[in-house]
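Data block below; observations after.
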Amino acid sequence: MATHRLNSMEVKRMNRNAIYRYLYHRESTSIQEIAQALNLSLPTVTQNLKELQEKELIVETGLFESTGGRKAKSLACNSVAGYALGLDVTRNHVGIVLIDLSGKVVKNVRNLFPFANEESYFQGVGRLVEDFVEECGIDRSKLLGAGIALPAILTGDRQSVSYATVIDFKGGHVQRFAEYIPYPCILSNDANAAGFTELWGEQDMHNVVYLSLNNSVGGSFIVDNQIYAGKNHRAGEFGHMTVVPEGRACYCGQKGCVDAYCSARILSDSTGGSIVEFFRLLGEGQEPQRTIWEEYRNYLVVTINNLRMLYDCDVILGGYAGAYMEDYLDSLRELAAAKNTFEPDGSYLRVCKYKLEATAVGAAMELVTDFIDSI
Ligand SMILES: [Zn+2]
């Protein structure tokens with residue numbers, strides 16, 4: 001192993017970053033607490049805090065109650081020191097969110113704006129973004145950039161699209177968007193972005209499988225807080241695992257894929273495309289929703305059990321459909337447990353935390369993560 005002595009600049013940056021992260025995960029803290037937790041001297045912590053304060057990345061939030069002697073200052077991260085935009089580009093819509101550094105959604109909007117691989121479309125997206133930023137009324141210099149999530153598989157450098165059937169953008173480059181969005185732009189895969197939101201703020205959870213149940217089924221596998229992309233950036237394409245040999249036709253051209261049985265469309269086709277309405281009627285015990293759900297659930301449970309067997313970590317139900325499955329979680333857990341060789345309960349199964357614009361939020365969070373890494 002190559003040894004590398006850290007120079008003083010590197011040590012300084014590491015300390016500053018550690019201090020910022022310590023603050024990031026707490027509502028407020030004191031200089032003394034930081035010094036103790038990170039095993040740093042008080043002068044080191046004080047000097048770093050001064051620098052972070054000068055950059056307006058942290059703020060004083062008051063004084064702690066004292067048990068005698070001088071009261072300690074309470075400090076916290078300044079969550080409005082930066083913002084990130086997230087876009088969820090789908091076949092028919094463009095969802096846009098603005099989040100602050102804490103991951104809080106400041107504003108969101110969903111526009112009906114069908115994808116078209118032509119100049120006027122990208123120009124239009126640029127206009128939607130500008131109008132949205134205008135309405136947010138924030139200082140544009142604080143914008144870290146725009147994360148753009150696509151229903152597509154990206155190339156290794158994430159600059160362009162290697163495979164796309166849901167939108168006609170195979171071979172498309174990030175520059176097509178960046179031309180009309182005057183902030184740094186990065187591309188994300190939609191399900192990876194949504195999966196990313198589930199680990200946000202979770203200090204004790206590092207691995208997760210996210211099953212994205214949208215009009216097309218996808219997913220992501222996150223190991224050690226990093227998305228596992230696979231050799232060809234196709235890891236987590238759970239929608240094209242075979243659940244029924246020679247089964248129903250999938251849009252991909254194969255037969256029996258998970259997508260053909262578990263896409264949100266299977267449910268919402270009975271309610272004119274509305275997933276909200278489907279779950280409302282199901283809640284009332286109406287037909288045909290009940291029968292559709294029971295059949296859907298059987299394939300879903302097989303998929304869930306397979307994912308648990310593959311990865312042995314929490315499995316999260318996400319996407320438009322997954323977000324509504326809270327009321328059915330107990331029965332899904334029971335059914336999943338009944339299929340499981342090793343476990344008597346299905347508590348590893350959960351429903352996504354971010355129910356609103358999870359994909360757009362996740363795309364924006366990637367920028368915030370990069371920003372925090374750079375502090
Ligand atoms: Zn398929």
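The values are calculated or read from the model by the stated rules, or taken from the named source; none is laboratory data. All values reported here derive from a predicted model rather than from experimental measurement. Don't worry about glycine lacking a Cβ; one is built from the backbone with ideal geometry, like all the others, and counts go over all protein chains shown. Heads up: the accessible areas ignore ligands, DNA and RNA and are worked out on the full protein's heavy atoms, side chains in. Shrake-Rupley method; radii C 1.70, N 1.55, O 1.52, S 1.80 Å.
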Practice task
Give me the pairs, please: first residue somewhere in region 53-64 and over 14 Å from ARG26 (Cα atoms), second residue anywhere and of a type outside the set (S, T, N, Q) and open to solvent by 100 Å² or more (accessible area, probe 1.4 Å), beta-carbon distance under 7 Å, and either six or more positions apart or on two chains.
Solution key: LEU63/LYS71; PHE64/LYS71
Practice task
May I ask you to say which residue of ALA235, ALA229 is within 22 Å of the chain's Cα centre (by Cα) and closer than 25 Å to SER347 by Cα?
Solution key: ALA235
Practice task
Six or more apart or on different chains, Cβ under 7 Å: which pairs go from a residue in region 249-266 that's hydroxyl-bearing (Ser, Thr, Tyr) to one that's near the ligand (Cβ under 7 Å from one of its atoms)? Could you list them?
Solution key: TYR251/ASP259
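Would you check if there is a residue in region 351-368 being over 17 Å from the mean Cα position of the chain (by Cα) and surrounded by 15 or more Cβ atoms within 10 Å (Cβ to Cβ)?
To start, the set of residues in region 351-368 that are over 17 Å from the mean Cα position of the chain (by Cα) comprises none.
Scanning region 351-368, I find no residue that is over 17 Å from the mean Cα position of the chain (by Cα) and surrounded by 15 or more Cβ atoms within 10 Å (Cβ to Cβ), so the answer is no.
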Practice task
List the number of the failed condition for GLY272; all other conditions in (1) open to solvent by less than 50 Å² (accessible area, probe 1.4 Å); (2) of a type in the set (Gly, Ala, Ser); (3) away from the ligand (no atom under 16 Å from the Cβ) hold.
Solution key: (1)
Practice task
Taking the residues in region 205-244 that are open to solvent by less than 10 Å² (accessible area, probe 1.4 Å) and out of contact with any strand residue (DSSP E or B) (no Cβ under 6 Å at 6 or more places or on another chain) as candidates, determine which candidate is nearest to the ligand (Cβ to nearest atom).
Solution key: VAL217
Completion exercise
Flagged in region 151-172 as in contact (Cβ under 8 Å) with a residue 60 or more places away in the chain and either of a type in the set (A, V, I, L, M, F, W, C) or touching a helix residue (DSSP H, G or I) at 6+ places or on another chain (Cβ under 7 Å) (or both), in numbering order, are PRO151, ILE153, LEU154, VAL166, ILE167
Exercise for the section: Residues that are modelled with pLDDT under 95 and in the same structural domain as ILE148 (by TED's automatic domain parsing): find the helices (runs of 4 or more DSSP H) completely inside region 299-375 holding 2 or more of those. Expected result: 358-374
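Looking only at strands (runs of 3 or more DSSP E) that fall completely inside region 1-118, which ones have 2 or more residues that are modelled with pLDDT under 90 and in contact with a strand residue (DSSP E or B) (Cβ under 7 Å, 6 or more places away or on another chain)?
Working: elements: 58-63, 73-77, 83-89, 93-100, 105-112.
Qualifying strands (runs of 3 or more DSSP E): 58-63, 73-77.
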Exercise for the section: Output yes when any residue across region 321-330 is within 27 Å of ALA360 (Cβ to Cβ), of a type in the set (Ser, Thr, Tyr) and within 16 Å of the ligand (Cβ to nearest atom), and no when none is. Expected result: no
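Would you mind stating whether CYS252 is open to solvent by 20 Å² or more (accessible area, probe 1.4 Å) and within 15 Å of the ligand (Cβ to nearest atom)? Give the steps one after another, and end with the answer.
Working: open to solvent by 20 Å² or more (accessible area, probe 1.4 Å): yes; within 15 Å of the ligand (Cβ to nearest atom): yes.
Spelling it out, CYS252 is indeed open to solvent by 20 Å² or more (accessible area, probe 1.4 Å) and within 15 Å of the ligand (Cβ to nearest atom).
Quick one: in region 174-209, which of the residues that are aromatic (Phe, Trp, Tyr) and modelled with pLDDT under 95 is nearest to VAL361 (Cα to Cα)?
Step one: of region 174-209, the residues aromatic (Phe, Trp, Tyr) are 177, 180, 183, 196, 200.
Narrowing further to those that are modelled with pLDDT under 95: 196, 200.
Working: PHE196: 9, TRP200: 11 Å.
Filtering first and then ranking leaves PHE196.
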